[in-house]
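What follows is a set of notes on a single structure, which appears directly below.
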């Protein structure tokens, strides 16, 4: 299942300043990808591995080497991502 919006460019990572679908926080050796919207939560459950490590039951722990492919897939499906400063 994919979620698309006609006003979003397909194939690009949508970095946003308002109500993102996902947030991304860089914690040095790992990144925390947090689905915010209900659609993003459903996407994460369908597209990320069932055994993916989680932080506080809501964020997915992602190594740097995998984040590019994940962000590409998120962008292709029309979601927005907001990078947070930690």
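The values are calculated or read from the model by the stated rules, or taken from the named source; none is laboratory data. None of these values were measured; they are calculated from a predicted model. No Cβ is skipped: glycine too gets one built from the backbone with ideal geometry, and neighbour counts run over all protein chains shown.
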Task: Pick from the stretch 19-31, criterion touching a strand residue (DSSP E or B) at 6+ places or on another chain (Cβ under 7 Å) and without any contact (Cβ under 8 Å) to a residue 60 or more places away in the chain, ranking: surrounded by the fewest Cβ atoms within 10 Å (Cβ to Cβ) - done: 30
- [ ] State all residues of the stretch 66-86 that are touching a strand residue (DSSP E or B) at 6+ places or on another chain (Cβ under 6 Å) and surrounded by fewer than 19 Cβ atoms within 10 Å (Cβ to Cβ); if no residue qualifies, say none.
- [x] 67, 82, 83, 84, 86
- [ ] Please find, within the stretch 46-65, the residue that is surrounded by the fewest Cβ atoms within 10 Å (Cβ to Cβ) out of those that are over 13 Å from residue 25 (Cα atoms) and at pLDDT 95 or above.
- [x] 65
TODO: Return the total of residues in the stretch 32-45 being crowded, with 17+ Cβ neighbours inside 10 Å and farther than 12 Å from residue 79 by Cα.
DONE: 3
